[in-house]
Amino acid sequence: SENRLESTYSEKNMKKKNLKYALMMNAVIILLECIGLSMSAGQMGMRAFLMYTEDSNILNLVMCTIFLIMGIRSYHAEQPVEHWVKVCRYVGVCTISLTFLVVVLVLAQESGYEAFLIQGQFKFTHLLCPVMSFLSFVLFEQEPKLEKKDTAAAVIPTLVYAVILIALNLAKTVTGPYPFLQVYRQPWYISVLWAGLILGGAYLFAAGMVKLDQRRH
């Protein structure tokens, strides 16, 4: 009985410590997001909102802010954050991680890793914020457990972005901003292939994050 009490106390202590570290990490991410997004807005103006990079970083900024505010309340109450707060962070992490993966696997292949990962605002929006968000979520943001149905929430932002940008490209209101979105400049099946790859990849990554989170419990 005494050992059980010690184990429960130790577990509660560890969860509180993890939340503390998560809050610190999220505060740093918010600062970095503000720096990177300010640089993007200063360089590109309103066009920045057409970019998935900036949109995913804005979404991540919002989700980190929600987590920080609600997490401070939970920390002082010595309770885990509410499930919807964890889902918000999960959505932010998945979308910004997709940005990182597309940059590393597709965009940087064409223009170079230094240009896309180190220079200007990209060191924040393409590298630091995605990596720190992923590490914070995996290492410290463990409570409560994600559910399988939460996977859909993480894919919705990418799906909405794809539908809007493809419609704007078809209407020739916007060009791109990424080569694979220029649907009227390539065969239709190439557009379908790209859509399947990116949306399918987003779903697989989101599902993998849920599975990883559930294994920790």
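The values are calculated or read from the model by the stated rules, or taken from the named source; none is laboratory data. Computed from a prediction, not measured in an experiment: that's the story for all the values here. Because the Cβ atoms are built from the backbone with ideal geometry, glycine has one as well, and the counts that use them run over all protein chains shown. Accessible surface areas use protein heavy atoms only, side chains included; no ligands, DNA or RNA. Shrake-Rupley method; radii C 1.70, N 1.55, O 1.52, S 1.80 Å.
A few notes on this one:
- Within the stretch 169-205, tally of residues that are among the aliphatic types (A, V, I, L, M), assigned to a helix (DSSP H, G or I) and surrounded by 17 or more Cβ atoms within 10 Å (Cβ to Cβ): 5
- With respect to the stated conditions, LEU5 is in a helix (DSSP H, G or I), modelled with pLDDT under 95 and either under 25 Å from THR158 (Cα atoms) or open to solvent by 60 Å² or more (accessible area, probe 1.4 Å) (or both).
- So PHE140, is it closer than 26 Å to TRP194 by Cα, of a type outside the set (D, E, K, R) and touching a helix residue (DSSP H, G or I) at 6+ places or on another chain (Cβ under 6 Å): no
- Index of the failed condition, VAL28 passing every other in (1) modelled with pLDDT under 95; (2) open to solvent by 30 Å² or more (accessible area, probe 1.4 Å); (3) part of a helix (DSSP H, G or I): (1)
- Only helices (runs of 4 or more DSSP H) whose full extent lies in the stretch 37-129 are considered here, and the ones with at least 2 residues that are over 30 Å from PRO144 (Cα atoms) and out of contact with any strand residue (DSSP E or B) (no Cβ under 7 Å at 6 or more places or on another chain) are 108-111, 113-117.
- Search result, residues across the stretch 103-112 that are open to solvent by 70 Å² or more (accessible area, probe 1.4 Å) and modelled with pLDDT of 90 or more: LEU105
- SER191 fulfils the conditions (1) in contact with a helix residue (DSSP H, G or I) (Cβ under 6 Å, 6 or more places away or on another chain); (2) small (Gly, Ala, Ser); (3) in contact (Cβ under 8 Å) with a residue 40 or more places away in the chain except for a single criterion, (3).
- Residue within the stretch 178-191 that is out of contact with any Leu (no Cβ under 6 Å at 6 or more places or on another chain) and at pLDDT 90 or above present: no
- Of all the numbered requirements in (1) of a type outside the set (Gly, Ala, Ser); (2) within 23 Å of GLY201 (Cβ to Cβ); (3) touching a residue at least 24 places away in the same chain (Cβ under 8 Å), PRO144 misses one, and that requirement is (2).
- Any hit, the stretch 148-164, residues being without any contact (Cβ under 8 Å) to a residue 40 or more places away in the chain and surrounded by 15 or more Cβ atoms within 10 Å (Cβ to Cβ): yes
- Filtered residues of the stretch 113-132 (kept if of a type in the set (A, V, I, L, M) and modelled with pLDDT under 95): ALA115, LEU117, ILE118
- In the stretch 43-75, of all residues being modelled with pLDDT under 95 and over 19 Å from the mean Cα position of the chain (by Cα), the one that is least open to solvent (accessible area, probe 1.4 Å) corresponds to GLY45.
- Taken residue by residue, the stretch 148-163 has at least one member that is in contact with a Ser or Thr (Cβ under 8 Å, 6 or more places away or on another chain), in a helix (DSSP H, G or I) and among the β-branched types (Val, Ile, Thr).
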